[in-house]
1. Compute for region 16-129: radius of gyration divided by Kirkwood radius, i.e. Rg/Rh, restricted to C-alpha atoms, rounded to two decimals.
2. Give me the percent of accessible area attributable to carbon and sulfur for region 181-258, probe 1.4 angstrom.
3. Over region 61-193, consider all pairs of different Cα atoms and compute the Kirkwood hydrodynamic radius from their mean reciprocal separation; express it in Å, one decimal.
4. Charges on Cβ only, +1 for Lys and Arg, -1 for Asp and Glu, centred on the Cα centroid of region 103-234; of M186, S128, S206, which one is farthest towards the dipole's positive end?
5. Excluding ligands, DNA and RNA, what is the solvent-accessible area per residue of the chain at a probe of 1.4 Å, expressed in Å²?
6. Given 10 °C and 1.306 mPa s, compute D for the chain with the Stokes-Einstein relation, Rh being the Kirkwood radius over Cα pairs; round to the nearest whole µm²/s.
7. Out of all Cα-Cα pairs in region 191-249, roughly what percent, to the nearest whole number, are more than 15 Å apart?
8. Based on Cβ point charges of +1 for Lys and Arg and -1 for Asp and Glu, what charge dipole magnitude is obtained for the chain about its Cα centre, in debye rounded to the nearest 20?
Amino acid sequence: MLERFSLKRGKTKTHRREELANQDLNVPDHVAIIMDGNGRWANKRGLPRIAGHREGMKTVKEIVREASEIGIKVLTLYAFSTENWKRPKDEVEFLMKLPEQFLSSYLVELIDKNVQVQVMGDLDKIPSHTLRAVTQAKEKTKKNTGMILNFALNYGSRHEITCAVKSLIHDIEKGILSKEMIDEDMISNYLLSKSLPDPDLLIRTSGELRISNFMLWQIAYTEFWFTDKLWPDFSVSDLHEAVKHFSSRKRRYGGVTS
């Protein structure tokens, strides 16, 4: 029953993991989330779009806490795509302030919870105040050994793959590699996510059924879970439901299981 899976927040991480184990639920190691629907959430309430982004930040805090508690090892959040620069200037400026606001109010708790902050994306193009905030968070949490909170910031998978190809060509031309050495593992090692396992579960909110240029190489065998919930309405119980669905699936990786 889903109600049994709705664990009380007061329980420790160990207790939560024990309860999941008792239900034979397989918690994914790496969960990636496309956080969609902030603007629509605000529009439905007659509010400016930035109000939706502010509310969505509250959801991020809640989901990060719960993901860490139930034993997810890596949580990747699609915070800002390379295409998001096309949005209105005031909205982009607000979005670029969110990492700073989030980390300034939440970094102490992340450190206390042993969460390690990582960021992947083209960081050369983000504002200096945003870069300072994420750099500081990475530095202050780099020795943490708990869940990795990985923000995809100014990230686009096609751009990532293009840069990886260019780097491979450069290293071949310099004699660092030969073309015979290139295989799937080698390509993965040239991606921004090279230090992370591929996502086991991809969650997308807001009812949209597309990938939006997110981790195209890495999600080759990822399980997908879509919900009509807008991101500000996404709750701990929704995360539990996604994990429960993931646990019920058989991952064959192209093979056959009995």
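1. 1.01
2. Carbon and sulfur atoms account for 51 percent of the accessible area of region 181-258.
3. Numbers: mean 1/r = 0.0610 Å⁻¹.
The answer is 16.4 Å.
4. S128
5. On the way: 13640 Å² over 258 residues.
Averaged over the residues of the chain, the accessible area is 53 Å².
6. Working: Rh = 19.5 Å.
The calculation lands on 82 µm²/s.
7. Result: 54 percent of Cα pairs exceed 15 Å.
8. 600 debye
The values are calculated or read from the model by the stated rules, or taken from the named source; none is laboratory data. All of these numbers come straight from a predicted model, not from anything done at the bench. Here the Cβ is made from the backbone with ideal geometry for all residues, glycine too, and neighbour counts use every protein chain on show. The area values use the complete protein model at the heavy-atom level, side chains included, leaving out ligands, DNA and RNA. Shrake-Rupley method; radii C 1.70, N 1.55, O 1.52, S 1.80 Å.
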